[in-house]
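What follows is a set of notes on a single structure, which appears directly below.
The values are calculated or read from the model by the stated rules, or taken from the named source; none is laboratory data. The model shown is predicted, which means the values in this text are computed figures rather than measured ones. FYI the Cβ positions are ideal-geometry reconstructions off the backbone, even for glycines, and counts take in every protein chain you see.
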Amino acid sequence: MPKTFFITTAIDYTNSAPHIGHAYEKVLADVIARYQRLKGERVFFLTGVDQHGQKVQQSAAKEGVAPAQFVKGVTQKFVDLWEKLDVKYDEWAETTADRHKKVVREILQRLWDEKQIYKDKQAGYYSIRQEQFLTDKERGPDGEFGPEWGQVEFREEENYYFKLSAYKEWLLRYIDPAGAGRDAVIPDFRQTELRNAVERLSGDLCISRPKSRLDWGIELPFDKDFVTYVWFDALTNYISFAGYDAKIDKYESQPNQFREKWPALQIIGKDILIPAHGIYWLIMLHALGFPDSAMPQLLVHGWWNISGAKMSKSTGNTVDPAALAEKYGAEALRYYLMSDIATGKDADFSEERLVRRYNTELANCLGNLLNRTLSMVAKYREGKIRQARAEGTVGETLCVITNSKIREFVAEMEPAQVASALDKTLEIVVRANVAVEAAAPWKMMRDPAKADHLDSFLYTLAESLRIISIVISPVLPKAAHGIFDQLNWKMELSGKEERFRLDDAKWGGLPDGHVVGNPVPLFPRIETPSAL
Ligand code: MSP
């Protein structure tokens, strides 16, 4: 069965509008998906929205509208944003979709029939914000529940529980460095954090909420007075929208359309590794009969902060990605989000850095290289490039540098270190611009003995631009098409992703005598407003 590269992201809560953190995660996934396509892989990219739960019910109530209507409005904001940012997914997961609800119910029924779910009574402190009962472990050094839990109240309730703790030993074995899941979590230090958390795991997972206090959820198939806990519902999206058939309990008998995709590379933020993805999700899959070899890999990214502090709606320090894309363009925002944070680490968001990076790296470096190259080819050679042989020239050195930087780019992209990969591309651009100064084609032009040198040099520049546009295409698809268009290259595939292939990112692609187009400014400088 041919394997599809399956990539998912967290699905975003629809209790409020999207912010820059959401945008970062989706662009990162989009870049990885596009990079895999560039390599020739078949890709299935799933993302979507998390529409149930108490937070959503509360936000809807605050606005005085029904939750179904409320989520429709917020969902549209996410859909519009992904379109604006050129995030191209293959399937959209909305947890109110019938297809999803059916799988959630069937899974619950199966686990209930297998006695992996039981009913019990619980009394204790409950966090409304986190939608969970708290234990003494959650108390701070002062004996109080910290502000991260929001409003906490005492409750007594009957609920349904999933036998999570029965699988603790399995999970510990699985994520052990010598176990099958030694690379279950990237980066490594997050896997260590997960192991420490699993070691402390005690108790089972409450997977229901009484309808008396929350009715915006998926009704339990075996008790109509309860809805499903939002995490149990939401996590299931990764399989329900990938063709999983919950009626089939043997993993090997799942339909091909599911088997060819699964397991997924799942991109999530650091806040939802423990316990949601690292514990609940892996155990849910194991309990459903997924073998260790079918466990997903979790790529855990860091957070964007503002002036070192967590973004928060209550303090008003959130950043609206749609407004930024409107102001600077989607590609400027994509470039910033991919170049100013190391995957796995946190970073500080700064509009000033966005503008600075765009102006120096895209406008002054890459835009300038494109512009001067095409202008010189037009002026000195009437638009025609020639593959002349001229040994020992600056151009030859540039060819060696480009080839080695492309190898380094690939090495960085494999563990999704997009910022470092972009650095490698930028190095080619910088070296090419320096080479122009050193080679001074305007002088070569005046010396007929240097005609071959000049041809060889102009070819080198055009060729490095062709290669650069291939490797930047996952991050800057529009600009990459722009460069290809101006180079007059592969016009029959204009606008299509197949126009770029990683295999073509090697020296010598442009044929002798190729006629390039005229330069058109690709990255107009952003004039810095005085406020920045
Ligand atoms: N709905 C749940 C996820 C369910 S997955 C089955 C959720 N939603 S969320 O809207 O709160 O967050 C969605 C994603 O955005 C998470 O991966 C989260 O880590 C990420 N981010 C939220 N704030 C962020 C930043 N400030 N920076 C980077 N990513 C951030 O959790």
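A few notes on this one:
- If you filter the range 137-151 down to residues that are farther than 21 Å from Ser202 by Cβ and in contact (Cβ under 8 Å) with a residue 12 or more places away in the chain, you find that the one that is surrounded by the most Cβ atoms within 10 Å (Cβ to Cβ) is Gly150.
- Exactly one residue out of Lys88, Lys119 is basic (Lys, Arg), in contact with a strand residue (DSSP E or B) (Cβ under 8 Å, 6 or more places away or on another chain), part of a strand (DSSP E or B) and modelled with pLDDT of 95 or more, and it is Lys119.
- Tabulated pairs, the range 441-456, first outside any helix (DSSP H, G or I), second surrounded by 15 or more Cβ atoms within 10 Å (Cβ to Cβ), C-beta under 7 angstrom, 6+ apart or interchain: Met445/Tyr380; Met445/Leu454
Matching residues to (1) more than 9 Å from the ligand (Cβ to nearest atom); (2) among the acidic types (Asp, Glu); (3) surrounded by 24 or more Cβ atoms within 10 Å (Cβ to Cβ):
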| site | (1), (2), (3) |
| --- | --- |
| Tyr13 | no, no, no |
| Ile20 | no, no, no |
| Val27 | yes, no, yes |
| Arg34 | yes, no, no |
| Arg42 | yes, no, no |
| Thr47 | yes, no, yes |
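- Number of residues in the range 246-258 that are in a helix (DSSP H, G or I) and either among the hydroxyl-bearing types (Ser, Thr, Tyr) or surrounded by fewer than 16 Cβ atoms within 10 Å (Cβ to Cβ) (or both) equals 5.
- Enumeration of residues in the range 402-435 that are assigned to a helix (DSSP H, G or I) and of a type in the set (Gly, Ala, Ser): Ser404, Ala411, Ala419, Ser420, Ala421, Ala432, Ala435
- Count of residues meeting criterion [surrounded by fewer than 20 Cβ atoms within 10 Å (Cβ to Cβ), under 28 Å from Phe133 (Cβ atoms) and small (Gly, Ala, Ser)] in the range 157-199: 3
Conditions tested, residue by residue: (1) within 30 Å of Arg389 (Cβ to Cβ); (2) of a type in the set (S, T, N, Q); (3) surrounded by 12 or more Cβ atoms within 10 Å (Cβ to Cβ); (4) in contact with a Phe, Trp or Tyr (Cβ under 6 Å, 6 or more places away or on another chain).
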{"position": "Glu492", "(1), (2), (3), (4)": "yes, no, no, no"}
{"position": "Lys496", "(1), (2), (3), (4)": "no, no, no, no"}
{"position": "Asp503", "(1), (2), (3), (4)": "yes, no, no, no"}
{"position": "Lys506", "(1), (2), (3), (4)": "yes, no, yes, no"}
{"position": "Pro511", "(1), (2), (3), (4)": "yes, no, no, no"}
{"position": "Asn518", "(1), (2), (3), (4)": "yes, yes, no, no"}
{"position": "Glu527", "(1), (2), (3), (4)": "no, no, no, no"}
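- Looking across the range 285-339, the residues that are in contact (Cβ under 8 Å) with a residue 40 or more places away in the chain and polar (S, T, N, Q) come down to Ser293, Gln297, Asn305, Ser307, Thr318, Ser339.
- Tabulated pairs, the range 4-17, first over 18 Å from Asp271 (Cα atoms), second surrounded by 24 or more Cβ atoms within 10 Å (Cβ to Cβ) and among the charged types (D, E, K, R), C-beta under 6 angstrom, 6+ apart or interchain: Thr4/Lys261; Phe6/Lys261
- Yes/no for Lys26 being under 11 Å from the mean Cα position of the chain (by Cα) and either at pLDDT below 95 or of a type outside the set (Ser, Thr, Tyr) (or both): yes
- The range 341-356: number of residues that are surrounded by fewer than 18 Cβ atoms within 10 Å (Cβ to Cβ) and of a type outside the set (Ser, Thr, Tyr): 9
- The range 200-217: number of residues that are within 16 Å of the ligand (Cβ to nearest atom), farther than 20 Å from Ser165 by Cα and surrounded by fewer than 23 Cβ atoms within 10 Å (Cβ to Cβ): 1
- Test for Lys405: is it of a type outside the set (A, V, I, L, M), in contact with a strand residue (DSSP E or B) (Cβ under 9 Å, 6 or more places away or on another chain) and at pLDDT 95 or above: no
- Positions within the range 288-311 being away from the ligand (no atom under 13 Å from the Cβ), in a loop (DSSP other than H, G, I, E, B) and closer than 21 Å to Val104 by Cβ, in sequence order: Leu288, Gly289, Phe290, Met295
- Scan the range 260-287 for residues that are within 16 Å of Glu169 (Cα to Cα) and either more than 16 Å from the ligand (Cβ to nearest atom) or not in a helix (DSSP H, G or I) (or both) and the total you get is 2.
- Hey, Lys261 surrounded by fewer than 21 Cβ atoms within 10 Å (Cβ to Cβ) and charged (D, E, K, R) or not: no
- Of all residues making up the range 231-252, the number that are of a type in the set (Asp, Glu) and either within 16 Å of the ligand (Cβ to nearest atom) or closer than 20 Å to Thr95 by Cβ (or both): 2
- Any hit, the range 109-132, residues being within 22 Å of Tyr244 (Cβ to Cβ) and among the hydroxyl-bearing types (Ser, Thr, Tyr): no
- Taking the listed residues Ala421, Ala462, the one that is touching a Phe, Trp or Tyr at 6+ places or on another chain (Cβ under 7 Å) and closer than 18 Å to Leu366 by Cα is Ala421, with no other qualifying.
- Pairs, first over 11 Å from Val185 (Cβ atoms) in the range 270-284, second within 11 Å of the ligand (Cβ to nearest atom) and not in a helix (DSSP H, G or I), C-beta under 8 Å, six or more apart: Asp271/Trp303; Ile272/Ala10; Met284/Thr236
- Options Val87, Val103; residue that is closer than 17 Å to Ala234 by Cβ, among the β-branched types (Val, Ile, Thr), buried (at least 18 other Cβ atoms within 10 Å of the Cβ) and away from the ligand (no atom under 13 Å from the Cβ): Val103
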